[in-house]
Amino acid sequence: MQKATLSGANLQGAQLVATDLRGADLSGANLRDTNLRDANLKGANLKGASLRNANLRGVDLTAANLTNTDFTDAHLTRTIFSDRGYENTLIAS
């Protein structure tokens with residue numbers, strides 16, 4: 001699913017374990033309660049996406065656009081973040 005265009009998609013509760021989503025456009029997507037454990041999201045566009053209560057254990061978010069992304073109550077153990085695109089990002093529990 002590299003470079004997939006899923007902008008605005010409703011993927012709530014989807015099972016995307018170890019999925020390769022490098023460079024995917026997930027801007028504005030609903031990823032609430034989604035299981036993305038060990039997924040590769042390098043360079044993905046998650047601008048404005050909701051990842052509330054998502055399982056992001058072991059996810060690689062290197063160079064991902066996380067502007068206005070909501071990570072409230074997300075599971076972030078071993079999640080790899082980079083220093084790009086964090087404007088107005090919400091990480092809370």
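Just a few scattered comments:
- Positive minus negative residues near ASP73 (Lys, Arg vs Asp, Glu; Cβ under 15 Å): +1
- When the Cα positions of ALA4, ASN45, SER27 are compared along the charge dipole of the chain, ALA4 comes out farthest toward the positive end, with charges on each C-beta of Lys, Arg, Asp and Glu.
- Size descriptor for the chain, Kirkwood hydrodynamic radius: 12.3 Å (Cα pairs only, one decimal).
- The fraction of accessible area contributed by carbon and sulfur in the chain is 44 percent, rounded to a whole number (1.4 Å probe; ligands and nucleic acids excluded).
- Average accessible area per residue (Å²) across the chain - probe 1.4 Å, nucleic acids and ligands excluded: 50 Å²
- Debye, to nearest 20: dipole size of the chain, +1 on Lys, Arg Cβ, -1 on Asp, Glu Cβ: 120 debye
- Taken along the Cα-to-beta-carbon direction at a fixed 7 Å, the label points for GLN2 and ARG78 span 2.3 nm.
- Across the chain, Cα pairs under 8 Å and at least six residues apart give a relative contact order of 21 percent.
The values are calculated or read from the model by the stated rules, or taken from the named source; none is laboratory data. None of these values were measured; they are calculated from a predicted model. Note that we place each Cβ from the backbone using ideal geometry, even for glycine, and neighbour counts take in every protein chain shown. These accessible areas exclude ligands, DNA and RNA; they are computed on the full protein's heavy atoms, side chains included. Shrake-Rupley method; radii C 1.70, N 1.55, O 1.52, S 1.80 Å.
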